[in-house]
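Inspection log for the structure reproduced underneath, given as structure tokens.
The values are calculated or read from the model by the stated rules, or taken from the named source; none is laboratory data. None of the values given here were measured: they were computed from a predicted structure. So basically every Cβ, Gly included, is an ideal-geometry build from the backbone, and we count neighbours across all protein chains shown.
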Amino acid sequence: MQYHPTRSLIYVDCVKEEYRIKLQNWLYRYHIPDSISQFEPYCTKYAFYNALPMPPGGENYGTVRMQLTEHYWTINEFEGQLKKTLTEYFPMDVLKWQGNIPDVQPDDVDSGRDDAAMLSGEEARATRSDECMPFIFAFVPICWEDDLKGAGRTVEDGPNYRWQFMLRYPEGVSQEEGDKWFFDEVAPKLTEAPEVTRLLTSRIMTEINGCPFNRVVEAWFEGPDEWEAAVTGRIAQAAAKPSWAQTDSFPFLRPYINFAGIFLSDIPTSNNLTQYRGYITMR
């Protein structure tokens, strides 16, 4: 297995407030120790960033409501056949809480689905549904590929309201065609917006794990008011609709299915490899 540094991004949604504490319990009680036990020897950073509250209009942009999970890898674990001594604890319920499978209620006797059934981590992350947000596990180069605005910004310039989003071009639209629209139409409008203080983007390395999304972008703002003024205001009105549009309004892609995003602060909620001490409950 060769040295192959990459960064990965996982979007974790929470489709109902009823599910938030259940999902948090699974993440911190089971998933963190399961993950560290597996990949600590070849992962240099493993962090959770809590999602900031969704701003007005965020539903149209596929805004996820739980967290971003970020890894920095030294190898491509998909290249070899890594033998695991223990299987991850991954109930199918987790996919329901995240919105990756339909939210079928327990009294739906026709569903034929056991939400308590166990999956392997690989099975869960490969889950796809035409009606739900796919499990978004995207690999990107370890450093941003395109620095479009704001180089030279420092911590003294203030905290950043980070809008990170991913684009999945419709079936039949190539990476080149979709990227041409992004770089010709969307990126210039974000760059020109005075509210945008930083703009970065990379191609998603779909060849690693078959992630269905094509591109990840980060645009920084002073706060949600500035995001709303720039994006749902001027940019949404000015952006040209591509011939392959799936919706009539910007960003012209189906939310959660073809366009997903998250709002973040600068710092992680838990940098797990250095901060995690177990699921220590309130007393």
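Being surrounded by 16 or more Cβ atoms within 10 Å (Cβ to Cβ), in a strand (DSSP E or B), in contact with a helix residue (DSSP H, G or I) (Cβ under 9 Å, 6 or more places away or on another chain) and modelled with pLDDT of 95 or more narrows it down to one of Leu190, Leu273, Leu199, so name that one.
The match here is Leu199.
Which condition breaks for Leu86 when tested against (1) within 27 Å of Tyr72 (Cα to Cα); (2) at pLDDT 90 or above?
Of the numbered conditions (1) within 27 Å of Tyr72 (Cα to Cα); (2) at pLDDT 90 or above, the odd one out for Leu86 is (2).
Hey, among the residues in segment 207-223 that are in contact with a helix residue (DSSP H, G or I) (Cβ under 9 Å, 6 or more places away or on another chain) and not polar (S, T, N, Q), which one's surrounded by the fewest Cβ atoms within 10 Å (Cβ to Cβ)?
Out of the qualifying residues, it is Pro212.
Checking Thr85 against (1) touching a residue at least 40 places away in the same chain (Cβ under 8 Å); (2) surrounded by fewer than 16 Cβ atoms within 10 Å (Cβ to Cβ); (3) assigned to a loop (DSSP other than H, G, I, E, B): exactly one of these is not met. Which one?
Going through the list (1) touching a residue at least 40 places away in the same chain (Cβ under 8 Å); (2) surrounded by fewer than 16 Cβ atoms within 10 Å (Cβ to Cβ); (3) assigned to a loop (DSSP other than H, G, I, E, B), Thr85 breaks only (1).
Output the residue which, of all residues in segment 41-53 that are of a type outside the set (S, T, N, Q) and out of contact with any helix residue (DSSP H, G or I) (no Cβ under 9 Å at 6 or more places or on another chain), is nearest to Trp163 (Cα to Cα).
The selected residue is Ala51.
Take the conditions among the hydroxyl-bearing types (Ser, Thr, Tyr), in contact (Cβ under 8 Å) with a residue 60 or more places away in the chain, in contact with a strand residue (DSSP E or B) (Cβ under 8 Å, 6 or more places away or on another chain) and surrounded by 13 or more Cβ atoms within 10 Å (Cβ to Cβ) and apply them to Tyr161. Does it pass?
yes
Which residue, of Ala151, Ala116, Ala124, is of a type in the set (A, V, I, L, M, F, W, C), over 20 Å from Pro212 (Cα atoms) and either at pLDDT below 95 or part of a strand (DSSP E or B) (or both)?
Unique residue meeting the criteria: Ala116.
Kindly provide the set of residues from segment 45-75 that are assigned to a strand (DSSP E or B) and not hydroxyl-bearing (Ser, Thr, Tyr), ordered by number.
Listed by number, the residues that qualify are Lys45, Ala47, Phe48, Asn50, Gln67, Leu68, Glu70, His71, Trp73, Ile75.
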